[in-house]
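One structure is given here, and the rest of the page talks about it.
The values are calculated or read from the model by the stated rules, or taken from the named source; none is laboratory data. All values derive from a computational prediction rather than experimental measurement. So basically every Cβ, Gly included, is an ideal-geometry build from the backbone, and we count neighbours across all protein chains shown. We work out accessible area using only protein heavy atoms, side chains counted, and drop any ligands, DNA or RNA first. Shrake-Rupley method; radii C 1.70, N 1.55, O 1.52, S 1.80 Å.
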Number of protein chains: 6
Amino acid sequence: MTDIPTPLSAEARERLRHVSVATLCTQLFKRGFRNVYLQHVKRLTKPTAGNLVGPAFTMRNIPAREDIDQISAFDDPNHPQRKGIESVPPGHVLVIDCRGETRVASGGQILTTRLKVRGAAGLVSDGPVRDSGPISQMDFPVYCAGGSAPLNLIHHHAIDLDVPIGCGGVPVYPGDVMVGDDEGVVVIPHHLAEEVSRDAVEQEKMEAFILQRIEGGAKLAGTYPPNADTRAAYEAWRNEQDAAGR
Amino acid sequence: MTDIPTPLSAEARERLRHVSVATLCTQLFKRGFRNVYLQHVKRLTKPTAGNLVGPAFTMRNIPAREDIDQISAFDDPNHPQRKGIESVPPGHVLVIDCRGETRVASGGQILTTRLKVRGAAGLVSDGPVRDSGPISQMDFPVYCAGGSAPLNLIHHHAIDLDVPIGCGGVPVYPGDVMVGDDEGVVVIPHHLAEEVSRDAVEQEKMEAFILQRIEGGAKLAGTYPPNADTRAAYEAWRNEQDAAGR
Amino acid sequence: MTDIPTPLSAEARERLRHVSVATLCTQLFKRGFRNVYLQHVKRLTKPTAGNLVGPAFTMRNIPAREDIDQISAFDDPNHPQRKGIESVPPGHVLVIDCRGETRVASGGQILTTRLKVRGAAGLVSDGPVRDSGPISQMDFPVYCAGGSAPLNLIHHHAIDLDVPIGCGGVPVYPGDVMVGDDEGVVVIPHHLAEEVSRDAVEQEKMEAFILQRIEGGAKLAGTYPPNADTRAAYEAWRNEQDAAGR
Amino acid sequence: MTDIPTPLSAEARERLRHVSVATLCTQLFKRGFRNVYLQHVKRLTKPTAGNLVGPAFTMRNIPAREDIDQISAFDDPNHPQRKGIESVPPGHVLVIDCRGETRVASGGQILTTRLKVRGAAGLVSDGPVRDSGPISQMDFPVYCAGGSAPLNLIHHHAIDLDVPIGCGGVPVYPGDVMVGDDEGVVVIPHHLAEEVSRDAVEQEKMEAFILQRIEGGAKLAGTYPPNADTRAAYEAWRNEQDAAGR
Amino acid sequence: MTDIPTPLSAEARERLRHVSVATLCTQLFKRGFRNVYLQHVKRLTKPTAGNLVGPAFTMRNIPAREDIDQISAFDDPNHPQRKGIESVPPGHVLVIDCRGETRVASGGQILTTRLKVRGAAGLVSDGPVRDSGPISQMDFPVYCAGGSAPLNLIHHHAIDLDVPIGCGGVPVYPGDVMVGDDEGVVVIPHHLAEEVSRDAVEQEKMEAFILQRIEGGAKLAGTYPPNADTRAAYEAWRNEQDAAGR
Amino acid sequence: MTDIPTPLSAEARERLRHVSVATLCTQLFKRGFRNVYLQHVKRLTKPTAGNLVGPAFTMRNIPAREDIDQISAFDDPNHPQRKGIESVPPGHVLVIDCRGETRVASGGQILTTRLKVRGAAGLVSDGPVRDSGPISQMDFPVYCAGGSAPLNLIHHHAIDLDVPIGCGGVPVYPGDVMVGDDEGVVVIPHHLAEEVSRDAVEQEKMEAFILQRIEGGAKLAGTYPPNADTRAAYEAWRNEQDAAGR
């Protein structure tokens, strides 16, 4: 649907796996983006592979209607929720627009397991999940509004796949790059993913140096943000680091 | 997009112009629908032609993105917000999904005027409008979340036309019949519009009789809801009314 | 149920009909009461007889349950909502605990009409009413959370009559004196109604004098609150007023 | 007060101790119940005996009044909060209606300890508890809105015991069966506890099989929900399981 | 406190009296300002002199403390709330930061009257006022969060005058120009007031022309926003208008 | 700014390190204070030294303005946020007023580290922090509204240091004593810190005894609150304890 000219490079994906969402928010703020962090969406699992990283594949829900959204709706193999899960391309993140509705679940353990088996990069929803206990033990990135036992049909009707949506108050276009760490999830517009990932790595190197200085007793003034002296010291330190192969 | 097999008949439209939204909610509750009334959507204008009535033509907004949603976006004549207004079929109601966002406007006086000139049946949004002062004086049905001066681009990006949406927490499918009185707006699933409109008229005749009785001192028990005696009295009264041509 | 030793005297009732709810809040604050004004409860009607005044007769709602709260529930003449309306003693105010739920109505025109015919002093609810258009034209004090068309059964089950409740976040014990003006509703613990009504009248006389002074150009300091000089001037003015029979 | 004809059988209690609240929500949804899961009520403790299970014994709070709800109120041994804790029948769950008020506690460590010593099955409140640190270490099921240090008297006045209440937005009638797992709490109307517990066990057996298949690479279509083939495979698998005594 | 280099010219003040707040929001959006409209602040009065216009003089409240914020606090003639009202320079607008607290009033009729007598240009608060009935009849611009009877001391302690504050979620620096029409209030950073007022007048002339065209049947495309043809037609029309002295 | 006559004694500081915030809330309630516990402010770290204890040093934020609050703002070494961190006296707690805004951070790891290095007693904010993962591992008391990655400049402008503020809905005057345990944070007006700390220790000794009795099977009546017999038993027990040197 949306045209995605620049697939995410393996290098960018790797870089994004190791920088913080806070750093990415700063990089995007510098480029004029103020609304890129999903509100009220928290990490549920502790995946071993580092940050959630992947292009968005989206699912849109509207409010349920009592005559349509009965348990029998799932008998249709083309039900958009089920079809959506079967359609997420490997390496992509399923991003679900639940309109911030926290009273019922977006999905549960079986669907999340199928997502994982299919090779999806993760699940992001601004609603809760059910079976949140078992899901929290999965080695798979899941970000959501916590756990809630009632099933999605009570308030949701899945209606569209791979269209631009809102999630956690943020616009998500198919192909935008989702990155999640232990603090939450940021959406990087896809055309910026390469440059933002590079600048984020640079920023974090600098901040590691600054943090070291602050831990050593340096004052904020001149150190954070760094003045010319601190920048020079950083360059020297970094050259050393590079020389030492770190 | 959505297939609408049953256009709204002129008779149903006329009936719906004169029954209350409360009555329609009761009729829909009897059929198992609990969530049909738009929450936080209030009448802004006092149109002379009675209730808002018409099939829904929808517009979907997602959250704005700072790089896309600049003032220059409107230079594109195919901008969905502008195109949407030019696409509403005569007699239809433009229903806008603003995700309940109340901080900025859905639109303003010029767009509303264009809607009216084009013969639309009304405007419904779960966001506010700007120019709410002049709009409130128009003889055109407008229902929204009040007035708010900031422009839509700050938080909205119009993305889709004539797709199923949520508005005021209620599912709205293209072609569903929107009815609004001074209390608010109800969504009638389009396949039910004929029967619901007929039963609503019947219910209101009965309730007019009951109200008369209550005003005359009748107790609730036996009168509301009516027992056999009251029903018989109602039938007699109604026959008289019919005979007298009222 | 609750024992009400001091019925409201005709004199107190008359006094309370003419003082403002703001003044009563000040009098109660002076006695240590900070939470006596119903939040989110607004006047819907413009009764000709001045303030709403009367002892509370209460109705308690709990959340509805789908199997119990069907339309047929009202066939039972002892349904608490209906029984409650038939039980409000003349001159009393029906106060309904809707848990601040604004999505559905507390009741509608027929029930409100019955209340009025039975001689109730008014209706107070922290939920909305349906038929809010016709009700707003009644000469009967109604305070509520505005208008909403869906019927009460969707979210409410009336369960108890004449028990202590919360309404608008305030405790209301049966017999407590409800007073409402155009700004809202205050609950006066019944044992304080006499003294509070007297002191409120006194306060308002003083404030009328102060307002006159302020309109005449007096500074706040020494005038509001009044110092000894202003108090003396007030006493003189009031004696004049009394002598002149005003 | 409310008549409870069907006490919870030991078998049902045992079954409910091992099924998930999500499964119970599905079973109740199939029977037309959409609002049975307590919103904003989370597990505080990690009891060793599995799920919270037991019939509800209720306590109702109204907003506090400054003159009544002083610290001295607790000197009365018949204060409803204290009396309530002494009245919960063994094996029952104390369910407290705090109107969703999160600013102050429902109770603290001493009261919770007394509950446990008396043999109660657990504590459920839609308000927070104080002493949440020590309570979180107790081997006793406690579900609430987290921890909050201010005492209940600031906003609550306990007024009634063993009456129908709302808790977490859900109706709770005395004797209804409360079940809680790590995701939250569901209320089962007491007349449905037996059949729902049986069907829930069946559902979970089926879903265990389905999950196994999904983990093994099966597609959703035909597996979840199961088609005839999957159902046949399940029956075979289950017969094997039964034969093997699992 | 804050340095205000550019006092508001009489011409700018006059221009701002006649343009809409919506137009001013558009002008500020074009300059990069997205958050300039006070949320949840509504007009209470209908002043005869057009828009509220004037530089801000601010008052800051913090939450009240029970031992300090007793009724006797007002005996101190230097109480900041009272001193603030006596300090607002003529032609300035008193802007009160109530932290969006809607449960109690910011002030009442006597203080508002004193403000008016002293020549203030208006009152803006993100809390309600008490005596909202009488105040609503004053010929004086008052914008607030509606009416509420409880007195300010219950939740507010006035602590500072003429410092930068937040009001309705918007930063207000002393000297910023407040403009209010029937839709609400916008804050113009003081250094932009001249140019924004000029550009707003121009925008409104253009939009009056566009509205005329739309009422006459013009399509949105090419008209709104205007293309070269429409702009040329506008210039011609405006020259005519100017020639005719309109 | 505010005059702090009574510095916190080492004895009081030590006592406050070991009593619970719940106990302190009870002591303050007995003295008429109902609003002393910070709402929505939770502990992020697990410091080894017991409770957070220290006098407040405050920072006030107002909403950000797009032209002022750019990333370059931090180049100014006198930027109040940075200056504030460099100004907190050793042993004091930095308390930040974020107006309860949860969408962006109050600060991050580098600033928190600087605070710790400078010898501050802790950090309290009613907004979130960024870098919440690394900060949660610090041995330093941090209380806030969780983690959020966007930087403070998006919604905050630091404007004042060491002035009275609101935080978590509670008034905080410079020098007030902040105490935090695993449940949250209480503000003790500085003139009460000595006596409250003493009485809290006494209360907790008594409650430890009561808890022991309750665990041993004592009824609430007569035990909690203690009657004369229980008080006598407590005195005896305590004398024993004292004699044994416990």
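A compact table of results
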| quantity | calculated |
| --- | --- |
| Count of residues meeting criterion [among the charged types (D, E, K, R) and facing chain E (nearest Cβ under 10 Å)] in segment C:207-246 | 4 |
| Boolean, residue C:161 is aliphatic (A, V, I, L, M), within 30 Å of residue B:34 (Cα to Cα) and touching a Lys or Arg at 6+ places or on another chain (Cβ under 8 Å) | yes |
| Residue in segment B:187-199 that is over 26 Å from the mean Cα position of the chain (by Cα) and at negative phi present | no |
| Residue D:64 being touching a residue at least 24 places away in the same chain (Cβ under 8 Å), farther than 30 Å from residue D:14 by Cβ and small (Gly, Ala, Ser) | yes |
| Any hit, segment D:83-95, residues being open to solvent by 10 Å² or more (accessible area, probe 1.4 Å) and charged (D, E, K, R) | yes |
| Options A:127, A:169; residue that is surrounded by fewer than 21 Cβ atoms within 10 Å (Cβ to Cβ) and either in contact with a His (Cβ under 9 Å, 6 or more places away or on another chain) or among the aromatic types (Phe, Trp, Tyr) (or both) | A:169 |
| Failed item in (1) under 22 Å from residue B:171 (Cβ atoms); (2) basic (Lys, Arg); (3) within 13 Å of chain D (Cβ to nearest Cβ), with residue A:114 passing the rest | (1) |
| Subset of segment D:70-101 [among the acidic types (Asp, Glu) and facing chain F (nearest Cβ under 10 Å)] | D:75, D:76, D:86 |
| Residue under evaluation residue D:158, criteria (1) within 7 Å of another protein chain (Cβ to nearest Cβ); (2) touching a residue at least 60 places away in the same chain (Cβ under 8 Å), criterion not met | (1) |
| Test for residue C:80: is it over 26 Å from residue B:38 (Cβ atoms), touching an Asp or Glu at 6+ places or on another chain (Cβ under 9 Å) and touching a residue at least 40 places away in the same chain (Cβ under 8 Å) | yes |
| Residue within segment A:49-64 that is at pLDDT below 95 and either in a loop (DSSP other than H, G, I, E, B) or crowded, with 23+ Cβ neighbours inside 10 Å (or both) present | yes |
| Selection within segment D:202-217 - outside any helix (DSSP H, G or I) and either in contact (Cβ under 8 Å) with a residue 60 or more places away in the chain or open to solvent by 50 Å² or more (accessible area, probe 1.4 Å) (or both) | D:216 |
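Yes or no, residue by residue, for (1) touching a Ser or Thr at 6+ places or on another chain (Cβ under 6 Å); (2) within 14 Å of chain E (Cβ to nearest Cβ):
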{"site": "B:133", "(1), (2)": "no, yes"}
{"site": "B:146", "(1), (2)": "no, yes"}
{"site": "B:165", "(1), (2)": "yes, no"}
{"site": "B:169", "(1), (2)": "no, no"}
{"site": "B:180", "(1), (2)": "no, no"}
{"site": "B:183", "(1), (2)": "yes, no"}
{"site": "B:186", "(1), (2)": "no, no"}
{"site": "B:198", "(1), (2)": "no, no"}
{"site": "B:205", "(1), (2)": "no, no"}
